[in-house]
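J.: I am attaching a structure below and will ask some questions about it afterwards.
No value in this document is a laboratory result; all are computed from the given coordinates. Remember, it's a predicted structure, so these values are computed and weren't measured experimentally. Using ideal geometry, Cβ is built from the backbone for each residue, glycine included, and neighbour counts are taken over all protein chains shown.
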Amino acid sequence: MRILLLGATGYLGGHVEERLRALPGVRLLRGGRAPVDDHRIDLATITTDALAEQLSRAAPDAVVNCAGTAAGTTVDLTAVNSRGPAVLCEALRAAAPDARLVHLGSAAEYGPRGVGERTAEDAPARPVTPYGATKLAGTLAVLESPIDALVLRVTDPVGPGAPPAALPGRLITELSRALAHTPHGTLRVGDLTAHRDFVDVRDVARAVALALALPGRLPRLLNIGSGRAAPVRDLAHGLAEAAGFTGAVEEAPAPAGRSTAVPWQCSDVTAAEWELGWRPRFTLRESLAALWAADGAPLLAR
């Protein structure tokens with residue numbers, strides 16, 4: 001099976017690559033801007049015709065799109081998160097119409113929900129951030145395409161290799177700095193009152209592998225998350241525990257932003273269990289322990 005992976009240099013893409021390379025009978029090809037990529041593909045700028053030519057050369061049986069960005073201007077977000085999937089679908093339709101596309105969406109596409117609710121796939125999408133809005137546009141491009149395509153709408157990923165700009169990565173940096181002085185100091189953080197559905201990045205990669213392996217048409221949209229909402233405070237205190245930090249975690253109110261605009265996030269993952277035979281394996285505590293072992297300890301050693 002020939003699989004073309006887009007966005008392998010990213011957080012999710014790196015774990016998906018590791019998972020897919022371990023599968024028997026898979027020939028994995030990378031598409032991106034890195035020198036080691038097999039095909040030079042930048043979804044933010046490539047034309048449909050140029051991408052179709054690259055797809056003809058790759059001749060994939062399946063394509064996984066992990067390319068996306070949560071940082072930058074609205075123009076940057078639109079180019080990668082919205083334009084990219086639309087161009088990809090058109091190019092696949094022209095050059096590899098029988099290939100399956102697995103596209104990674106985001107639970108940020110849903111927007112605010114009532115406290116205590118689990119969001120199912122048929123819930124209205126009302127994103128409140130440019131990131132969520134641009135990811136939703138990309139998802140709609142995939143859902144409306146006639147190709148064999150599936151969107152996995154992922155909640156907040158956590159686990160080894162978290163990017164420094166994301167909250168888990170920032171906490172790793174701050175904890176490492178604090179521990180460099182004393183394990184009994186004070187860790188100062190922002191507002192931690194929001195609830196998020198944290199899912200292990202390795203569980204996300206496993207869901208991608210299952211979506212590629214199952215024959216026949218699958219539902220066009222599936223939630224991938226833990227199915228549980230945890231206070232962001234649990235993330236901070238769980239990392240502190242994993243790091244052996246025994247000091248105080250001091251919270252400061254944050255200005256209105258993503259966390260306050262969406263105080264509660266929890267996805268209903270029943271459909272993914274039914275359709276893919278998938279359910280999350282890692283607890284948040286296990287994810288945080290793996291995150292600290294992979295990223296915090298090496299940083300502290302430096």
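J.: Using bins 20 angstrom wide from zero, how does P(r) for the chain break down, in % of all Cα pairs?
T.: Percent of Cα pairs in each bin: 34, 57, 9, 0.
J.: If R₀ is 35 angstrom, what is the calculated FRET efficiency for the pair Ala34 and Glu286, using the beta carbon separation as r and rounding to 0.05?
T.: Taking R0 as 35 Å, the efficiency between Ala34 and Glu286 is 0.70.
J.: Fully extended, how many nm does the chain gain between Thr182 and Asp234 (0.36 nm per residue separation, minus their Cα-Cα distance)?
T.: Stretched out fully, the Thr182 to Asp234 stretch lengthens by 16.5 nm.
J.: Using the number of other C-beta atoms within 10 angstrom as an exposure proxy, rank Glu18, Glu109 with the fewest first.
T.: Fewest to most other Cβ atoms nearby, the residues stand as Glu18, Glu109.
J.: Provide the net charge surrounding Ala293, with neighbours chosen by a C-beta distance below 14 Å and charges set as Lys +1, Arg +1, Asp -1, Glu -1.
T.: Net charge around Ala293: -2.
J.: Still on this structure, I have one more. Can you work out the FRET efficiency for the pair Ala248 and Asp122, with r the C-beta to C-beta distance and R0 = 41 Å, to the nearest 0.05? Numbers along the way, then the final one.
T.: Working: r = 44 Å, r/R0 = 1.06.
The value I calculate is 0.40.
J.: In debye to the nearest 20, how big a dipole does the chain give about its Cα centre with +1 on each Lys and Arg Cβ and -1 on each Asp and Glu Cβ?
T.: Roughly 280 debye for the chain.
J.: Students often check this: by mean Cβ neighbours within 10 Å, which of 32-43, 217-228 ranks highest, and how do the rest follow?
T.: Result, highest mean first: 217-228, 32-43.
J.: Got the relative contact order for the chain handy, in percent, Cα pairs under 8 Å and 6 or more residues apart?
T.: Averaging sequence separation for qualifying contacts and normalising by length gives 19 percent for the chain.
J.: Continuing with this model, one more query. Taking the 0 to 90 degree range and rounding to the nearest ten, how far is the long axis of helix 48-58 tilted relative to the main principal axis of the chain, both from C-alpha atoms?
T.: Around 90 degrees separate the two axes.
J.: Between segment 75-131 and segment 9-45, what's the alpha-carbon centroid distance in Å?
T.: Cα centroid of segment 75-131 versus Cα centroid of segment 9-45: 19 Å apart.
J.: Set Lys and Arg Cβ to +1 and Asp and Glu Cβ to -1, take the dipole of segment 150-290 about its Cα centre, and tell me which of Gly277, Thr186, Leu239 lies farthest positive.
T.: Highest projection toward the positive end goes to Gly277.
J.: All other residues with a Cβ under 12 Å from the Cβ of Gly216 taken together, and with Lys, Arg as +1 and Asp, Glu as -1, what is their net charge?
T.: 0
J.: In a shell of Cβ-Cβ distance under 10 Å around Leu51, excluding Leu51 itself, what net charge do Lys and Arg (+1) and Asp and Glu (-1) give?
T.: Its environment carries a net charge of -4.
J.: For segment 1-143, what relative contact order do you get, as a whole percent, if you take Cα pairs closer than 8 Å and at least 6 residues apart?
T.: 23
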